[in-house]
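Step one of this worksheet: look at the structure below.
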Amino acid sequence: MKTIKKYLITVLVLVSACSLFAQTGVINGRVTERSTKEALVAANILVIELDNVGTATDMDGKFLIRVPVGSYSVRISLIGFSTVVKTDVIVKTDSEVFLDIPLSETSLEIGSVEVTADYFDKTILENNLSTISLGVEEIKRSPGSLADYQRILQSIAGVSFSNDQTNELLVRGGSPNENLTVFDGMELHSTNHYPNEFNSGGPINMINVSLVQDIQFSLGGFISKYGDKMSSVMSVTTREGTRNKNLTGQTNLTMAGVGAILEGNINSGKGSWLFSARKSYIDLIAGSIGLTAIPKYYDSQFKVVYDLSSNHKISMSGIYGNDKITFDGVPDYSYESKKNVTDSIYVEQVDAKQSQWATGFSLNSLWSNSLYSIITLYGNNYHNDVDVNLDYTQRSFDKNGDLSHSKFMLRNTAYKNISDNYELALKAEFGWNISKFNKLDFGASVKFGGYKQTADIASDTTRYDLNKDGLFDQTVINPSSQLNYDLKLFEQTKSYAYVNNTLELLDRRLILNFGIRYDYFTYSKAGNFSPRLSLSYYLNPAITSINFAYGEYYQTQNYPTYGDRYQSGINKSVENSHSRHFVLGLEHIISDGLKFTVEGYYKKYSNLPVREEFINFGDKTFRSQKILNVGNQDIYGIDFQLQQKLVKDLYGTISFSRMWTNFEDPRIGMEGKNITSEYDFPYSFTVIVGKRFKDLRENSKDWPFYLKYPSYLLPLSDDMEISLKWRYASGKPYTRKEYSPYIQNRVGSITWTEGSWFDSNEINGERYPDYHRLDLGFSSRYNFSNWNLVVTLSIQNLYNRQNIAAYQYNSDGTIDNLYQFSLLPVLGVEVEF
């Protein structure tokens, strides 16, 4: 009760203090021509919500406006160029917001048609098809996102995910390993905590969203600039630090952890720096949110920029993460089937320690009004240290089916692995404006790759009663082995070169991109040419367009795929996987900030890697480490999305996806049949709706007394938001397991299991129950004389839906449910100074 009183008193003090000061902040930025990167002079800058508040850019394309604290939309216009509106411009007390605005030339004459402003950052998009852009405030406000931009992307049409515990992106039926992340020009496998070689996702992202400038996400049909991935490209650009202050910063407490951000200028504004550090606290609340593992992590991030001259700028960016996760002990679950039962099972104990870093230098140069370049040198490393033990454990359950006691009996080491995946790369990108209607982008990269792994794999022994007569006829022993895999850093390289030509034809109604790319990997000696083509035709300029894309996409395998348990080299020449994309779509701007898109797509996969053991699925005694490029898959579907930007006080998204997958069954005896892909989610539907309340605390002074005085007990402010997100998805496919007492596994050196679980013949023939969940988000901002306070509340799974993550198959033949996130309220606090 005392805690509640303290909270109420604190709120009252904060609310009262907010009315004592007239706080202001600064909106500044730079406006440039999109293609040439040149500064645009005399561009008009208008703050839409304020009467007659605006300015024009100077000779360097820069501008500065001082305004009262609050949230605004800023309109940028110039005769002969497209008009852009930047929403979600949050001005804080005695601080600055920097806007980097590129404008595209237009052929429209004044008065010929009504000018439609661009609310969707089209001027920064490299491809008009299957691409969206996100700003930092859109990321922060999304309910249930945990301040993780990948979890927001899970809500858009065409993207699915496996379960709540991961932010992985399953893009139009593709695997989570088919997504490229470009972080400040560095091409990385992942920027997540707890990454692995086969999945670009993780529980939470290392990138601090408060440092993000913008994110571009392409779901397919991307241009030849990007490759070695088959599904998507996510380009993350971080902002620069302040150039007007020596030091400023903020502290925060969110689901991503507790942390701080510091930033300041260099040499009187010729450069800037910023630094972020965070530490998790999920381990303190893991039990309450249904986690079956205990994660601990911390991360840091930095960026330094300096203007060598007006045409040359150097920058350095970096990110670091350190992770530890343990699956420790018997899960404390309740089982209806275990009332008053004592049993013994194997419990998998996992102790994983990981670290990863990436850092790089970039030199941005404007050589003339028609030529610019970006040279990037970067390196990154993923370190993985995993111990997997199998503990033979005795469990006792009470009359309610609750675990009352567990006793450790015997431990077997199943797997030990230490690996390092490291890369050093040099990339050069050039843009040449041949004319106002013709631009040529070209570039090349060489990446020196290394992979070192030492893995101890325990022996496993299985015996079979083939005649089911109680006598075990055959025993198969896989001896223990040690895998030593060492690719030296400068011995193996991945390289590529690309060219892409952009043409604007028919008075800029037709935008055509065509290019080609070549990739080569020295280890597997695999090289491929990848032609790409995309076009957009505007039926109504800047309003309605028909879009099309075609492309060939190749992807090298993960380094472990080229190895084998016995180091025989049988997989060294595994070929690159291949996917062919066709995309056709329609985009229509309904009104200011309201956009409707529909896209149909077809993806044809070939050369997917398949283990020879799976091909010989019918022979339970067959063992092989060989991998064959025999996988073929067709994926097609249609995506609908209606998006409303925050123009006034409402925002939201409605998205719907329908998808079909057909994976050709490669197993002997299954010719001509199809398997459902493990990433097949036929239906998904998401609704996000939010409302911003301005001057609510100020207006409450005029409310009737029976409303005004009780409102002081609530965390109301003059800048507040409430949002909801509801998501539905078809259940994830899984392969039904069958239990047989005629297949038994050796337990240490003392006994055999009662039986064994094995996959049924119907691969992915079953589905978990359909998934749905409701999330709520709330934020309230308080502005003081020289600092700000932001309070957030996120409630995940508001009606506590028990979504099943997986089934646990016990060695005694029983099955238990493992659930996803339960009802979880999370309070966040951010202090800005």
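Just one of the listed residues (724, 714) is part of a loop (DSSP other than H, G, I, E, B), over 30 Å from residue 633 (Cα atoms) and not β-branched (Val, Ile, Thr), namely 714.
Regarding segment 170-184, can at least one residue be identified that is among the hydroxyl-bearing types (Ser, Thr, Tyr) and modelled with pLDDT under 90? No, every residue in segment 170-184 fails to be among the hydroxyl-bearing types (Ser, Thr, Tyr) and modelled with pLDDT under 90.
Identify, by number, the condition in (1) polar (S, T, N, Q); (2) farther than 18 Å from residue 765 by Cβ; (3) surrounded by 15 or more Cβ atoms within 10 Å (Cβ to Cβ) that residue 699 doesn't meet. Single failed check for residue 699: (3).
Among the residues making up segment 131-153, those that are open to solvent by 10 Å² or more (accessible area, probe 1.4 Å) and in a loop (DSSP other than H, G, I, E, B) are 135, 142, 146, 147.
Only one of these is of a type in the set (A, V, I, L, M, F, W, C) and at pLDDT 95 or above: 206, 234, 255, 230. Name it. First the steps, then the outcome.
On the way: 206 fails: at pLDDT 95 or above; 234 fails: at pLDDT 95 or above; 255 fails: at pLDDT 95 or above.
On inspection, the qualifying residue turns out to be 230.
Between 682, 666, 715, 733, the distinction of being open to solvent by less than 60 Å² (accessible area, probe 1.4 Å) and out of contact with any Ser or Thr (no Cβ under 8 Å at 6 or more places or on another chain) belongs to 666 only. One residue alone among 268, 272 is more than 25 Å from the chain's Cα centre (by Cα), open to solvent by 10 Å² or more (accessible area, probe 1.4 Å) and either modelled with pLDDT under 70 or polar (S, T, N, Q) (or both), and that residue is 268.
Can you name the residue in segment 800-833 that is under 30 Å from residue 209 (Cβ atoms) and among the small types (Gly, Ala, Ser) and, of all such residues, is nearest to the chain's Cα centre (by Cα)? Only one residue tops the list, namely 805. Within segment 637-648, take every residue that is in a loop (DSSP other than H, G, I, E, B) and in contact (Cβ under 8 Å) with a residue 60 or more places away in the chain and give me the one that is most open to solvent (accessible area, probe 1.4 Å). Within segment 637-648, the match that is most open to solvent (accessible area, probe 1.4 Å) is 647. All of 301, 250 fail the test of being touching a helix residue (DSSP H, G or I) at 6+ places or on another chain (Cβ under 8 Å), at pLDDT below 95, assigned to a strand (DSSP E or B) and not aliphatic (A, V, I, L, M), apart from 250. Screening 678, 698, 721, 664 for residues that are within 28 Å of residue 778 (Cα to Cα), acidic (Asp, Glu) and at pLDDT 90 or above leaves exactly one candidate, 721.
When residues in segment 668-686 are screened for being assigned to a loop (DSSP other than H, G, I, E, B) and among the aliphatic types (A, V, I, L, M), 2 of them pass. Looking only at segment 776-791, decide whether some residue is out of contact with any Asp or Glu (no Cβ under 8 Å at 6 or more places or on another chain) and among the charged types (D, E, K, R). No, that holds for no residue. With the structure loaded, tell me whether residue 620 is farther than 21 Å from residue 545 by Cβ and modelled with pLDDT of 95 or more or whether it fails that test. In short, no. Restricting attention to segment 311-349, report how many residues are of a type in the set (A, V, I, L, M, F, W, C), assigned to a strand (DSSP E or B) and either open to solvent by 50 Å² or more (accessible area, probe 1.4 Å) or at pLDDT 75 or above (or both). Residues that pass the stated criteria total 5.
Has segment 686-695 got any residue that is under 18 Å from residue 172 (Cβ atoms) and modelled with pLDDT of 95 or more?
Yes, segment 686-695 contains at least one residue that is under 18 Å from residue 172 (Cβ atoms) and modelled with pLDDT of 95 or more.
Can you pull out the residues in segment 820-832 that are in contact with a strand residue (DSSP E or B) (Cβ under 6 Å, 6 or more places away or on another chain) and open to solvent by 40 Å² or more (accessible area, probe 1.4 Å)? Of everything in segment 820-832, those that are in contact with a strand residue (DSSP E or B) (Cβ under 6 Å, 6 or more places away or on another chain) and open to solvent by 40 Å² or more (accessible area, probe 1.4 Å) turn out to be 825, 827, 829, 831.
Might you let me know whether segment 508-515 holds any residue that is surrounded by 13 or more Cβ atoms within 10 Å (Cβ to Cβ), at pLDDT below 90, at positive phi and not hydroxyl-bearing (Ser, Thr, Tyr)?
There is at least one residue in segment 508-515 that is surrounded by 13 or more Cβ atoms within 10 Å (Cβ to Cβ), at pLDDT below 90, at positive phi and not hydroxyl-bearing (Ser, Thr, Tyr).
Consider segment 769-810. How many of its residues are open to solvent by less than 30 Å² (accessible area, probe 1.4 Å) and assigned to a loop (DSSP other than H, G, I, E, B)? Going through segment 769-810 one residue at a time, the tally reaches 4.
Take the residues of segment 9-48 that are polar (S, T, N, Q) and either part of a strand (DSSP E or B) or surrounded by 16 or more Cβ atoms within 10 Å (Cβ to Cβ) (or both): which is modelled with the highest pLDDT?
Among them, the one singled out is 44.
When residue 540 is tested against (1) over 13 Å from residue 608 (Cβ atoms); (2) in contact with a strand residue (DSSP E or B) (Cβ under 6 Å, 6 or more places away or on another chain), just one condition goes unmet, and that condition is (2).
Can you say whether residue 585 is surrounded by fewer than 18 Cβ atoms within 10 Å (Cβ to Cβ) and over 18 Å from residue 228 (Cα atoms), as far as the supplied structure shows? Spelling it out, it is not the case that residue 585 is surrounded by fewer than 18 Cβ atoms within 10 Å (Cβ to Cβ) and over 18 Å from residue 228 (Cα atoms).
Given the conditions (1) open to solvent by less than 70 Å² (accessible area, probe 1.4 Å); (2) touching a Leu at 6+ places or on another chain (Cβ under 7 Å), report the number of the one that residue 622 does not fulfil. Only one criterion is unmet by residue 622, namely (2).
Give me the strands (runs of 3 or more DSSP E) completely within segment 362-472, filtered to those with at least 3 residues that are open to solvent by 20 Å² or more (accessible area, probe 1.4 Å), out of contact with any Ser or Thr (no Cβ under 8 Å at 6 or more places or on another chain) and polar (S, T, N, Q), ordered by residue number. Working first, answer last.
On the way: elements: 371-397, 403-435, 438-457, 460-464.
Output list reads 403-435.
Against the condition modelled with pLDDT of 90 or more and not acidic (Asp, Glu), how does residue 539 come out, does it pass? Considered against the rule, which asks whether it is modelled with pLDDT of 90 or more and not acidic (Asp, Glu), residue 539 comes out as yes.
If the condition is being at pLDDT 95 or above, in contact with an Asp or Glu (Cβ under 6 Å, 6 or more places away or on another chain) and either over 30 Å from residue 574 (Cβ atoms) or among the charged types (D, E, K, R) (or both), then segment 628-661 contributes 639, 657.
Just so you know, in segment 49-66 the residues that are surrounded by 19 or more Cβ atoms within 10 Å (Cβ to Cβ) and among the β-branched types (Val, Ile, Thr) include one that is nearest to residue 38 (Cα to Cα), and it is 57. Among all positions in segment 59-68, there is no residue which is out of contact with any Lys or Arg (no Cβ under 8 Å at 6 or more places or on another chain), modelled with pLDDT of 85 or more, on the phi < 0 side of the Ramachandran plot and of a type in the set (Asp, Glu). For first residues located in segment 105-133 and under 18 Å from residue 35 (Cα atoms) and modelled with pLDDT of 75 or more, partners that are surrounded by fewer than 16 Cβ atoms within 10 Å (Cβ to Cβ) and of a type outside the set (Lys, Arg) and lie 6+ apart or on another chain with Cβ distances below 7 Å form the pairs 105/80; 106/80.
The values are calculated or read from the model by the stated rules, or taken from the named source; none is laboratory data. Predicted, not measured: the structure shown is a model, and the values here were computed from it. Every residue, glycine as well, gets a Cβ built from its backbone with ideal geometry; the counts of neighbours run over all protein chains shown. What goes into the accessible areas is simple: the full protein's heavy atoms, side chains included, and nothing from ligands, DNA or RNA. Shrake-Rupley method; radii C 1.70, N 1.55, O 1.52, S 1.80 Å.
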